[in-house]
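Structure, as C-alpha cells:
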Amino acid sequence: MDCVLSGAGKVVTDYLVVNGSDATPNTLTFYAGSHSTDTLSTGWIFEDYTLPLVSTLPVTDLNKRSVTLNGSVDWVGSEATVYCYFEYGYDTGYGTETAVQSFNAEDTFSQFVSNMTTGETYHYRAVLYYGAAPYTYLEGDDIAFTMHAEPVGVPTVLTVGSSSVSGVSADLLGNLTSLGYYSTVYLSFEYGTDTNYGSQTTEILTSATGAYVTNIAG
C-alpha cells in the first residue's frame with residue numbers, strides 16, 4: 001500500500017511517510033531518492049492508495065488447434081478503470097497479444113485463441129495496465145500448456161480413396177484410426193458429384209480400428 005498525502009494543492013505519492021518525533025510532531029519526512037522535509041499544513045489529509053492486482057489462471061477448452069486463456073482482475077485498487085489482455089507464444093518472450101478488455105471492478109476474463117500448432121508447448125500470462133500514457137503495467141505469473149496432438153476423446157477416420165471402379169459401381173475405402181473414448185462407432189461414406197455429396201452409404205457398426213470398404217452401385 002502506498003500513502004498519498006494530499007491537500008493545500010500538493011500531492012505526494014510513492015513515498016514512505018514517517019511521523020516526526022514528539023519534539024516536532026508536525027514534521028513529516030518524505031523518502032524519495034534524496035531526503036527532504038516539510039511541515040504538516042492545515043487541511044492536509046492522508047489517503048490510502050492500493051495497486052490493482054491481476055492473476056493468470058489455467059487454460060480451459062484445450063484442444064488440437066484452439067484453447068481458452070483465462071485471467072482474473074483480483075483487485076482494481078484505487079483505479080477507476082483497469083485494462084487487461086494476454087500475452088502468449090512459444091516461450092516467455094511471448095510475441096502475440098490478445099484484444100484489450102476493460103474493467104472497473106474485480107472479475108475474471110477469458111480469450112479464445114485458435115490456429116495454434118498441434119502438439120506445441122506455449123507460454124502465456126495475463127497483463128493489466130492502468131493510469132495515463134505511458135501507463136503502468138502489471139503481469140500475472142507465466143503458465144505453460146501443451147496443445148493436444150489429437151482432439152481428446154474424438155474418434156478419427158481417414159478417407160483412403162476408391163477401387164474396382166466401373167461404369168456402374170465402385171468400392172469406397174476408409175480407415176478408422178482411433179475409437180477415441182468409445183468402444184463402438186458407426187462408419188459410413190458420403191458421396192456425390194460435388195462436395196455437397198447428397199448420398200450416404202449404410203452405416204457400419206464396428207468396435208475395431210482398421211480399414212473398411214463399402215461398395216456403391218447404380
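The values are calculated or read from the model by the stated rules, or taken from the named source; none is laboratory data. Source: prediction; values computed, not measured. With ideal geometry, Cβ positions are generated from the backbone for all residues, glycine too; neighbour counts draw on all protein chains shown.
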(message) When you scan segment 111-118, do you find a residue that is modelled with pLDDT of 95 or more and surrounded by 15 or more Cβ atoms within 10 Å (Cβ to Cβ), even just one?
(response) yes
(message) Filter segment 184-216 down to the residues that are acidic (D, E) and surrounded by fewer than 11 Cβ atoms within 10 Å (Cβ to Cβ) and list them by number.
(response) D194
(message) Can you list the strands (runs of 3 or more DSSP E) lying wholly within segment 96-180 that have 1 or more residues being of a type in the set (S, T, N, Q), within 20 Å of S78 (Cα to Cα) and under 17 Å from the mean Cα position of the chain (by Cα)?
(response) 101-103, 107-113
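So that you can scan it fast, the table gives a plain yes or no per residue for (1) touching a Ser or Thr at 6+ places or on another chain (Cβ under 8 Å); (2) hydrophobic (A, V, I, L, M, F, W, C); (3) free of Cβ contacts under 8 Å to residues at least 60 places away in the same chain; (4) surrounded by 14 or more Cβ atoms within 10 Å (Cβ to Cβ):
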{"site": "D74", "(1), (2), (3), (4)": "yes, no, yes, yes"}
{"site": "G77", "(1), (2), (3), (4)": "yes, no, yes, yes"}
{"site": "T92", "(1), (2), (3), (4)": "no, no, yes, no"}
{"site": "L128", "(1), (2), (3), (4)": "no, yes, no, yes"}
{"site": "G131", "(1), (2), (3), (4)": "no, no, yes, no"}
